[in-house]
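Heads up: the structure comes next, in structure tokens.
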Amino acid sequence: MAVVTIENLSKIYAGTAKDSARPKAIDDISFDVQDKEFMVIVGPSGCGKSTLLRMIAGLEEIDGGTLSIDGKRMNELSPRDRDIAMVFQNYALYPHMTVYDNMAFGLKLKHFSKRDIKERVMQTAKLLEIEDELYRKPKTLSGGQRQRVAIGRAIIRRPKVFLFDEPLSNLDAKLRSQMRIELQKLHREINATMIYVTHDQTEAMTLGNRIAVLNKGKLMQLDTPLQLYNFPANKFVAGFIGSPAMNFIKGILGKDSNDFFLERSLDCKISLGTDVPTSIQSKVGQEIEIGIRPENIVLSTYQHYKPAGCLLEVMAFENMGNEQLIYLFLQNEKIIARRNSQEIIEIGSRFFIELGAGNIFYTETFDR
């Protein structure tokens, strides 16, 4: 299919001078999307992810840097000359046309024969399991069916690159989960280069071969889902990737015999165990900030650390069926922990807290 190369790409909207201190919409971003790769671009609202996708599509002008597909510069080419297809969040189907005509429209503009058009439409409809919907109008379809039609209209052209701009955001939770599986299956079957934008890090983690994390127009980190989760490059990525988010806790680092602890106050010390990162061990007596995933927080009804364990009160909980998410107060700070769903939790219950050994991040070691 195609390799997409992004080199020092920048975007400045009208009204912001190029020498202004205001942040750029896209700020000097560089990375490659490999042939047949499923690349996901993720970040919070306003981070620039959709702007970047629209720059790749040719719908936004490039103010700096170079965009290439298979080594060919795309900066000055119109969208129709880039050999890409884009699936939008709102489906963008023609309401007066049937599913068949929506999917066939692009091929008709390229003057394909009726026979070739019918063959491609039927092949694509079979792939997306919408053969029975071909002669219905979009208004009679469900959200999931409309999204399949929009995807079908894109893949029927067999372009070099597929672009997806938050295509599942209008669907309910169950259908989104189903469509994620369908998109993975589709990627394997058509073996195409895909770039997918979402604000949902769960989508990003489940779909992407690699994930580009954006914040305020800058590329924070680009890596595989597991690497992002286990080895975040900075505090933003650590807090953004993972559901629920990583906890960040400040305190004075102490040591008693071989056991390290985080002292919040004289009557609140959180055990870190003996196996803490080497970058932390030299900070005894100093205030530090650590990060820890909710699954690595240990809650107990009895006190492990002597003489002053840290007792936290449950402010809320969510029973997810297979697990519970417990929200606790740590001296007015919110802490989230995962716990077995079979255990009975009540609002106002109190637990002592420990942090799982070997799963602690020292935030000052993150790249700034």
Considering only strands (runs of 3 or more DSSP E) fully contained in segment 237-303, which possess at least 3 residues that are more than 21 Å from R350 (Cβ to Cβ) and under 32 Å from the mean Cα position of the chain (by Cα)? 287-292
For segment 305-324, does any single residue satisfy the condition of being in contact with a Lys or Arg (Cβ under 8 Å, 6 or more places away or on another chain), within 26 Å of L228 (Cα to Cα) and not in a loop (DSSP other than H, G, I, E, B)? yes
Of the residues in segment 197-224, those that are in a helix (DSSP H, G or I) and either open to solvent by 20 Å² or more (accessible area, probe 1.4 Å) or of a type in the set (S, T, N, Q) (or both) come to Q201, T202, M205, T206
Of the residues L134, L128, which single one is of a type in the set (A, V, I, L, M), touching a Lys or Arg at 6+ places or on another chain (Cβ under 7 Å) and open to solvent by less than 40 Å² (accessible area, probe 1.4 Å)? L128
For residues that are aliphatic (A, V, I, L, M) and part of a helix (DSSP H, G or I), scanning just segment 164-178, find the one that is most open to solvent (accessible area, probe 1.4 Å). A173
Counting only residues in segment 68-118 that are of a type in the set (D, E) and within 27 Å of the chain's Cα centre (by Cα), the one least open to solvent (accessible area, probe 1.4 Å) is identified as D83
Of the residues in segment 66-117, those that are among the polar types (S, T, N, Q), touching a residue at least 40 places away in the same chain (Cβ under 8 Å) and touching a strand residue (DSSP E or B) at 6+ places or on another chain (Cβ under 9 Å) come to T66, S68, Q89
Go through I181, I151 for me and flag whichever is surrounded by 16 or more Cβ atoms within 10 Å (Cβ to Cβ) and outside any loop (DSSP other than H, G, I, E, B). I151
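The values are calculated or read from the model by the stated rules, or taken from the named source; none is laboratory data. Model, not experiment: these values are computed from the prediction. In this analysis, Cβ positions are derived from the backbone assuming ideal geometry, glycine residues included, and neighbour counts consider all displayed protein chains. Surface accessibility is based on the protein's heavy atoms, side chains included, excluding ligands, DNA and RNA. Shrake-Rupley method; radii C 1.70, N 1.55, O 1.52, S 1.80 Å.
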